[in-house]
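Notes follow the structure.
The values are calculated or read from the model by the stated rules, or taken from the named source; none is laboratory data. Since we're looking at a predicted model, the values are computed, not measured. Positions of Cβ are generated from backbone atoms using ideal geometry, with glycine treated the same way; all protein chains shown enter the neighbour counts. In case anyone asks, the SASA skips ligands and DNA or RNA and just uses the protein heavy atoms, side chains included. Shrake-Rupley method; radii C 1.70, N 1.55, O 1.52, S 1.80 Å.
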Amino acid sequence: MDFTGYTAETERMRLRTYTPDDFEEFLDLHRREDVARFLPWFPRDEESARAALVRHQGLVVEADGQGVTLAALDKRTGRLVGDFVLILRSVDHLRGEVGYVLHPDFAGQGLATEGARHMLHIAFDLLGLRRVIGRIDARNVASARVLTKIGMRHEAHLVQNELFKGEWTDEDDFAVLRSEWEGS
């Protein structure tokens, strides 16, 4: 599926594909230590943020590893709330992975839940996936709450699963099936 020009609205956010005009707010979000803490990248400088923004403009989701990253904008102010991501993990097994990055100014307001729920809509209703996972650093209790609120169940706690930013960390894995999504 080609997400070029994709837009959607949730109760409090407008979701759309990134454009080069988003760079300053994107950089502001991605350069923060508190944002990158549990993410698989270090705080981004200008060069790495530009490269990431270019990658986020790849909008075709047809092959393993491809994904869509949507900018979420606050409807009232137009400010960038964060990124919402869906990655196609397996075409053969109809499996995807959901993720998100939220600006701390918007934390605790239910916006991560609202945006992540929309990404499940894309996964199941638009792409026809069968299963979607969410993998988080086990210390990230806020993300665990988000994944639970959108109907994902905790499936695994992997002890010292990977060397993450110089330390062995635990991973929590969550998942939801399309049949569960449709029944909720």
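Using a 1.4 angstrom probe, figure out how much accessible area the range 41-137 has per residue, in square angstrom, rounded to the nearest whole. Show your work: numbers first, answer last.
Details: 4270 Å² over 97 residues.
Spelled out: the 1.4 Å probe surface of the range 41-137, per residue, equals 44 Å².
Just to confirm a number: summing +1 for Lys and Arg and -1 for Asp and Glu over residues other than Glu33 whose beta-carbon lies under 14 angstrom from that of Glu33, what do you get? Don't skip to the answer; put the middle values down first.
Numbers: positive: Arg31, Arg32, Arg37, Arg44, Lys165; negative: Asp28, Asp34, Asp45.
After counting each charged neighbour, the total is +2.
Residues of the range 137-156 with backbone nitrogen within less than 12 Å of a virtual label 7 Å along the Cα-to-Cβ line of Trp168, please, listed as ranges.
Zone members listed by number: none at all.
What shape does the range 48-94 have by the C-alpha gyration tensor, where a ≥ b ≥ c are the square roots of the eigenvalues, rounded means a/c under 1.5, and otherwise prolate means a/b greater than b/c and oblate the rest? Intermediate values should be presented prior to the final figure.
Numbers: a/c = 3.55, a/b = 1.82, b/c = 1.95.
Verdict is oblate for the range 48-94.
So for the pair Glu180, Asp105, with labels modelled 7 Å out along Cα→Cβ, what separation do we get in nm?
Going from the Glu180 label point to the Asp105 one covers 3.5 nm.
With a ≥ b ≥ c the root eigenvalues of the C-alpha gyration tensor of the chain, is it rounded (a/c under 1.5), prolate (a/b larger than b/c) or oblate? Let's see the in-between values first.
On the way: a/c = 1.36, a/b = 1.09, b/c = 1.25.
It is rounded, given that a/c, with a ≥ b ≥ c, falls under 1.5.
Can you compute the FRET efficiency between Val91 and Asn140 using 1/(1 + (r/R0)^6), with r the Cβ-Cβ distance and R0 = 35 Å? Round to the nearest 0.05.
After rounding, the FRET efficiency stands at 0.75.
Within the accessible area of the range 17-82, what % is carbon and sulfur when the probe is 1.4 Å and the other protein chains stay in place?
Numbers: 1730 of 3590 Å².
So the carbon and sulfur contribution to the accessible surface is 48 percent.
Find out how many positive minus negative residues lie around His103, taking Lys and Arg as positive, Asp and Glu as negative, among other residues whose Cβ is under 12 Å from that of His103. The partial results should precede the final answer.
Details: positive: Arg31, Arg32, Arg79; negative: Glu25, Asp28, Asp34, Asp74, Asp83, Asp105.
Neighbour charge sum, excluding His103 itself: -3.
Among rounded, prolate and oblate, which fits the range 133-175 when a ≥ b ≥ c are the square roots of the eigenvalues of its C-alpha gyration tensor, a/c under 1.5 means rounded, and a/b larger than b/c means prolate? Write down the numbers at each step before the final one.
On the way: a/c = 3.03, a/b = 1.96, b/c = 1.55.
Cα axes put the range 133-175 in the prolate bin.
Hey, can you rank 91-99, 19-27 by average C-beta count inside 10 Å, highest first? Working shown, then result.
Working: 91-99: 17.7, 19-27: 14.3.
Taking the mean over residues of other Cβ atoms within 10 Å, the ranking is 91-99, 19-27.
How do the peptides 131-139, 104-112 rank, highest first, by the average count of neighbouring beta carbon atoms within 10 Å per residue?
Packing proxy ranking, top to bottom: 131-139, 104-112.
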